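Since the structure comes first, as structure tokens, the remarks are kept for the end.
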Amino acid sequence: MTRENLLSRISIDPNICFGKPCIRGHRIHVSLILDYLAGDAAVEEVLEAYPSIEREDVLACIAYGAEMARDVFVEIPLNKKKATNA
């Protein structure tokens, strides 16, 4: 399946979920699926949690995240230890 086909599974509609990217035909946010995967869930576990979606929908979420990472810089704060007066 091509990247374009995968991305066609994602919809952004200002009238649905406040315009957040969702799996087309569902109110399941892309970010929710990415959070599951980032939390070490396997694709199969996501599919068990959301039986109404398909494997290609999960792959579409990953493809969407990759596209966003190419175009948008998100600053991530570094963990710095605070100096203590000891």
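None of the figures in this text is laboratory data; all of them are computed from the coordinates on show. Owing to the predicted nature of the structure, the values given are computational and were not obtained by experimental measurement. Neighbour counts run over all protein chains shown; Cβ positions are idealised from the backbone, glycine included.
Remarks
- The phi-based Karplus calculation (6.51 cos²θ - 1.76 cosθ + 1.60; θ = phi - 60°) puts the 3J(HN,Hα) values of region 24-32 at 3, x, 9, 10, 9, 5, 4, 4, 5 Hz, whole numbers, x for Gly and Pro.
- A crude spin-label estimate for the pair residue 71 and residue 49, with each label 7 Å from Cα along the Cβ direction, gives 2.6 nm.
- Sorting 40, 35, 57 from the fewest to the most surrounding beta carbons within 10 angstrom yields 40, 35, 57.
- ³J(HN,Hα), Karplus 6.51/-1.76/1.60, whole Hz, each residue of region 50-63, x for Gly, Pro: 10, x, 7, 9, 10, 3, 5, 5, 5, 4, 5, 5, 5, 4
- All other residues whose Cβ lies under 15 angstrom from that of residue 28 are scored, Lys and Arg at +1 and Asp and Glu at -1, for a net of -2.
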